[in-house]
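Please read the structure below before turning to the comments.
The values are calculated or read from the model by the stated rules, or taken from the named source; none is laboratory data. Computed from a prediction, not measured in an experiment: that's the story for all the values here. In this analysis, Cβ positions are derived from the backbone assuming ideal geometry, glycine residues included, and neighbour counts consider all displayed protein chains. The area values use the complete protein model at the heavy-atom level, side chains included, leaving out ligands, DNA and RNA. Shrake-Rupley method; radii C 1.70, N 1.55, O 1.52, S 1.80 Å.
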Amino acid sequence: DRIRILLMKNTDGVLLYSEVQKNELLKYVDKSKIYVAQNTLDTKKLNDIKKILDKEKLDEVKKRLNFNKKINITFIGRLLSSKKPEILINILENYFNNFDDETCIHFIGDGEMKNQLLSKCKHYIDNENVKFHGKIDDEQKTGELLYCSDLMVIPGYLGLSVVHAFCFGCPVVSFEENPHSPEKEYVKNFKTGFLARNEHDLNQFIFRYLNDNKLQTGMKEEIKNLINGKASVNNMINGFIEAVEK
């Protein structure tokens, strides 16, 4: 780190992915040298996909994708112990105990924990309460699944999948204590998602969100504003332009 800071002090400019990183670096580097290009995806391309889905209508997209349950919660990532995908099965079981079985957990990704998860939730798979979609590299296909989802829950490391979910109006839930990429700063409690302190905290938010229409509407509006503003691809490009021009 000392070597990196020395290099930064001797450059004309330092370009960072987030305001959080900028605030950390201000301790060591003159603020006039620091620029921010908020890390994101091609939000214009993803917004165009969403517009097509909006024309098709949510109910029709759900029917086409066989989303047969009222509530849909999605996990995206490798099925590794570090990602804690089993927590989504716990959420499902807790929801069953408190509400009903109109819930489906969607796993997008593959990994060493897949067989363990399959064994743990065989009964739920038979009743279409859990679906394994495998690894999907196609942004449009993943986007369609997110478009039909009420929440994206990633118990482990958060990355650019946060932006992907937001482009399709899907809030993001994770844990505060985890090490995350800079995109963590896009997740604001009760605005664009929720970063829980523990599993009980996580469950409490999910139960509240799924049963509070006013909260859902408000958060979706916050997400829309974020994607069209701070997290837009144009905002990232402008960060590069500012650094080069100055």
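Taking a sphere under 14 Å around the Cβ of Phe205 and counting the other residues whose Cβ falls inside, with K and R at +1 and D and E at -1, yields a net charge of -1. With both labels modelled 7 Å from their Cα along Cα-to-Cβ, the Asn23 to Asp42 distance reads 3.3 nm. Considering all different alpha carbon pairs of the stretch 71-161, the Kirkwood hydrodynamic radius works out to 13.2 Å.
At full extension, Ser119 and Asn66 could sit 16.8 nm farther apart than now, given 0.36 nm per residue minus the alpha carbon distance.
The tail of the calculated P(r) for the stretch 13-56, taken as Cα-Cα distances beyond 12 Å, holds 65 percent of the pairs. Applying Stokes-Einstein at 37 °C and 0.692 mPa s to the Kirkwood radius of the stretch 35-89, computed over alpha-carbon pairs, gives a translational diffusion coefficient of 225 µm² s⁻¹.
Just want to confirm a number: the relative contact order over the stretch 97-142, from Cα pairs under 8 angstrom separated by 6+ residues, in percent.
51
Within the accessible surface of the chain, defined with a 1.4 Å probe on protein heavy atoms only, the carbon and sulfur portion equals 48 percent.
Extension gain, Asp12 to Lys51: 0.36 nm times the residue separation minus the Cα-Cα distance gives 9.9 nm. Computed over the chain, the per-residue total of -39500 (n - 2.57) for DSSP H runs of n ≥ 4 gives a 222 nm mean residue ellipticity of -14000 deg cm²/dmol, rounded to 500. Placing unit charges on each Cβ (+1 for Lys and Arg, -1 for Asp and Glu) gives the chain a dipole about its Cα centre, and among Ile89, Ser149, Gly193 the Cα reaching farthest toward its positive end belongs to Gly193. Our summary of shape: the Cα atoms of the stretch 1-96 have principal axis extents of 58, 36, 19 Å, ordered from largest down, in whole angstrom. Within the listed set Phe132, Phe175, Phe166, the Gaussian network model of the chain (springs between alpha-carbon atoms below 10 Å) gives the highest mean-square fluctuation for Phe132. Within the stretch 168-246, the percentage of alpha carbon pairs spaced more than 19 angstrom apart rounds to 45%. Rounded to the nearest 0.05, the FRET efficiency derived from the C-beta distance between Glu128 and Ile3 at R0 = 35 Å is 0.05. The charge dipole of the stretch 133-189, taken about the Cα centre with unit charges on the Cβ atoms of Lys, Arg (+1) and Asp, Glu (-1), comes to about 40 debye, rounded to the nearest 20. Under the membrane-span-like helix rule (DSSP H runs whose alpha carbons stretch at least 15 Å along the helix axis, mean Kyte-Doolittle hydropathy -1.0 or higher), the chain yields 86-98, 199-210, 213-228, 233-245.
Please give the per residue volume of the convex hull enclosing the alpha carbon atoms of the stretch 114-220, rounded to a whole number of Å³.
124
Charged neighbours of Ala231, selected by a Cβ distance under 15 Å, balance to +3 (K, R count +1; D, E count -1). Can you grab the distance from the C-alpha centre of the stretch 27-101 to the C-alpha centre of the stretch 150-193, Å, no decimals? Rounded to whole Å, the Cα centres lie 8 Å apart. Modelled label positions at Glu221 and Glu199, each set 7 Å beyond Cα in the direction of Cβ, lie 3.6 nm from each other.
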